[in-house]
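Below: one structure, written as structure tokens.
The values are calculated or read from the model by the stated rules, or taken from the named source; none is laboratory data. These figures come from a predicted structure and were not determined experimentally. Backbone-built Cβ (ideal geometry, glycine too); neighbour counts: all protein chains shown. Note: areas computed on protein heavy atoms with side chains; ligands, DNA, RNA excluded. Shrake-Rupley method; radii C 1.70, N 1.55, O 1.52, S 1.80 Å.
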Amino acid sequence: MSLRSRIVLVVALVFALVSAFAGWLMLNRAERSLIRAFDRAAQTRAGWLLSLVNPDPAIVPLPLNDEQMLVTVESYGSVRDLFRSPHFPTNIDPIRQNRWVEQPSEPDRPISGWPGRLPRKWLSYRLAVAETTTNQTPSSHIRLLLVVPADSLGKDINNLRWTFGLGWLLSLVLALGAGYMAAGWLLRPIQQLVGQASRIGNAARIDPLALPKSRDELYGLTVALNQMLDRIRENMDTQRHFFGAAAHELRTPLAIMKTGLEVTLKRDSLADTETAFLKGQLDEVSRLARLIDEFMTLSQAEEGAPKVNKNPVSIASLLERCLGQLASLAVEYEVNLQLNPTPLPTIYWQTDASKLEHILLNLIENAIKYAVIGSTITVQVDALADGIIRLQNKTTRETGPTLDLLQPYFRADPLKEGHGLGLWISHRLTTLLGGRLVLSWQDFTFVSEVRMPSGIHL
């Protein structure tokens, strides 16, 4: 879940709880106001009916059809009913005025205190009590109990609850929408910062992030990130300068060694074994010279793309040459090299031969060093796919960290010779050629694939 979604959910939850509590308080207050207004109207009607009552001679106004009324007269210590509606309950406490008179949940069902059966429409009532004072009737005390149907009050309360509920849901939806837009607006500077940082990963150079205009927490974060980027840029420059300086210093002695070997090979007095040995040494020196050139290429200031010389390259000849150069190393490590298919079909790629040769030499040498003794290293060209060379070798370990192998100075087995730069250089060179180096290590089998871009096949 994104940060924006979490912010919206938290804000919506807080809004829902606060608005629900506030709405509940307002709803209770509104319901009480409706009930008080209804009770005042019922009390007014009860007082008006009481004003029309005369005990002697007996004059009693009749209630409406949906009302129940009881009129009692207390005179000289005796109480008698002056009027009672047919369905007036017998267990009402006249002292508790303005209360709900509970009705049965099933209409047309007799219950205790209710003579006969109730009409289906009588569901809830409110009780109002009116009494005369000694000033009005000195010789008697008249009490009028009026049970008024509260159907309209119940409907008003239900409508009020529905209104509050729907209003709460609508406000929650609006709050979610407004919160989502507000969170997007608040997080826009962070998104811009993330965009700038992501462009650094694809850029040739590391530029500082643009500082926001407002000096808030985001401003401090940007300053801290810029300081970190400065340190990264300094470390990268130091590393690049070291590679460049080391490569530059090594070129001169390697050139002298190469020249000496070439001059020696031109002598006619050399034996065949000596000539073969010296040619092998010359190939290794030439390979070291190419390695130094690749270091120089990778250590260039990266304002522009390094130079790539693309020409038609015969993949069969290139692979045979690479396998021939590493044949003695394979004998030393007691492994076999196999090219598949044999003979290799005629395939030409439009690429940089020197860089591709260096990639393949590194991968084959890595396979030789980590292969199981007596196993066979397979070098396969996928003729059906466009630009894929696959190397496969058996290992003593079942699996390993393939992503870490693409990092500089990382070695899967510290006891093996090497410096952990071969696969990293191959990865960088493959990326420079527009391809990808894909590694897989499962079931005691290590597979490295050079996947060149589509359209490389001629």
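The figures follow:
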{"read-out": "Region 132-198 - convex hull of alpha carbons, volume per residue in Å³", "value": "132"}
{"read-out": "Simple label model, 7 Å out from Cα along Cβ direction - L329 to S140, nm", "value": "12.6"}
{"read-out": "Label-to-label distance, nm, for residues given as T399 and N65 (7 Å Cα→Cβ offset)", "value": "8.4"}
{"read-out": "Proximal lysines relative to K155, as straight alpha-carbon distance under 25 Å, when same-chain residues fewer than 8 apart are discounted", "value": "K121"}
{"read-out": "More than 11 Å apart - percent of Cα-Cα pairs taken over region 1-41", "value": "68"}
{"read-out": "Solvent-accessible ranking of W424, W168, W349, W24, largest area first, probe 1.4 Å", "value": "W24, W168, W424, W349"}
{"read-out": "Where labels lie 7 Å past Cα in the beta-carbon direction, separation of V18 and E234 in nm", "value": "4.6"}
{"read-out": "Peptides 261-272, 138-149, 327-338, 444-455 ordered by average Cβ neighbours within 10 Å, highest first", "value": "138-149, 444-455, 327-338, 261-272"}
{"read-out": "Extension gain from H241 to L254, taking 0.36 nm per residue of separation minus the Cα-Cα distance", "value": "2.7 nm"}
{"read-out": "Total formal charge among the other residues, if their Cβ is under 12 angstrom from that of L34, Lys/Arg +1 and Asp/Glu -1", "value": "+4"}
{"read-out": "Positive-end residue, region 165-280 charge dipole about Cα centroid, Cβ charges, pick of L209, G165, T259", "value": "G165"}
{"read-out": "Length added when fully stretched, R267-I373, from 0.36 nm per residue minus Cα-Cα", "value": "34.3 nm"}
{"read-out": "Size descriptor, Kirkwood hydrodynamic radius, that averages inverse alpha-carbon separations across region 158-250, Å", "value": "17.5"}
